[in-house]
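Inspection log for the structure reproduced underneath, given as structure tokens.
The values are calculated or read from the model by the stated rules, or taken from the named source; none is laboratory data. Predicted model only: the values in this text are computed from it and were never measured. Note that each Cβ is placed from the backbone with ideal geometry, even for glycine, and that neighbours are counted across all protein chains shown. For the accessible areas, the whole protein counts, side chains as well, though only heavy atoms, and no ligand, DNA or RNA atoms are used. Shrake-Rupley method; radii C 1.70, N 1.55, O 1.52, S 1.80 Å.
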Amino acid sequence: MDVTLRLAQDPDADALLGRSPLAALVGMLLDQQIPMEWAFKGPATIARRLGADDLDAHEIAAHDPEAFAALLSEKPAVHRYPGSMAQRIQRLCQYLVETYDGDAEAVWQDAGSGRELLGRLQELPGFGKQKAQIFLALLGKQLGVRPDGWQEAAGDYGQPGTFRSVADITGPQSLAKVRAHKQEMKAAAKAAKADGQRK
């Protein structure tokens, strides 16, 4: 895996995401309740604090939980909730070690279909259906991983020419469009909730 991604809007962080399957998975895991760029900068920050140039699932899985949480909590913190995210990242890495011998790319390498790949992604700790579909769309749109039926399995996120998720970010302009779409979705959800309460 060696592609150019622009999810973190930071050359070093993006370079790591483009060459490291585990970094891409960890960035996706971190992508909630914080700005997207902050989430995808996280893997590079973690690697640097571990004194490495990449993430290693075996190393993270075996790391002392308190020490790992402290590592994520250092200023600037990797996430708004560094303690709970440290646990989630360790659970993800432990699962990868147990299921794929620590090789994150093995999650998608030999998937026979989009549906099978979606199923594998949803089995990852911390990956619900929506997160799995977004990551599947990212794999297909930007990382060249396109098993049969990947677009259908990714749902709306797999559609070409849209700006719905990180799968569609290729630079600052598309980032702004994705951010605007997310804000529209939030506003619509808020309005629907308020409407429901009035009834």
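Tabulated data
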item	result
Test: residue in segment 57-76 that is open to solvent by 10 Å² or more (accessible area, probe 1.4 Å), in a helix (DSSP H, G or I) and of a type in the set (Lys, Arg)	no
Residue satisfying condition, being within 14 Å of LEU29 (Cα to Cα) and crowded, with 19+ Cβ neighbours inside 10 Å, within set ALA104, ALA111, ALA47	ALA104
Condition check for LEU96: part of a helix (DSSP H, G or I), surrounded by 14 or more Cβ atoms within 10 Å (Cβ to Cβ) and in contact with a Phe, Trp or Tyr (Cβ under 9 Å, 6 or more places away or on another chain)	no
Condition broken by LEU117, with the remaining ones in (1) over 17 Å from LEU17 (Cα atoms); (2) touching a Phe, Trp or Tyr at 6+ places or on another chain (Cβ under 6 Å); (3) open to solvent by 10 Å² or more (accessible area, probe 1.4 Å) satisfied	(3)
Any pair with Cβ under 6 angstrom, 6 or more apart, that starts in segment 77-92 at a residue that is under 12 Å from TRP38 (Cβ atoms) and open to solvent by 10 Å² or more (accessible area, probe 1.4 Å) and ends at one that is hydrophobic (A, V, I, L, M, F, W, C) and not in a helix (DSSP H, G or I)	ARG80/ILE34
Residue that is most open to solvent (accessible area, probe 1.4 Å), among those in segment 155-188 that are among the basic types (Lys, Arg) and free of Cβ contacts under 8 Å to residues at least 60 places away in the same chain	LYS186
When residues of segment 130-154 are limited to those that are under 17 Å from the mean Cα position of the chain (by Cα) and surrounded by fewer than 17 Cβ atoms within 10 Å (Cβ to Cβ), the one nearest to LEU118 (Cα to Cα)	GLN130
Failed condition for ALA111, given (1) in contact with a Lys or Arg (Cβ under 7 Å, 6 or more places away or on another chain); (2) in a helix (DSSP H, G or I); (3) of a type in the set (A, V, I, L, M, F, W, C)	(2)
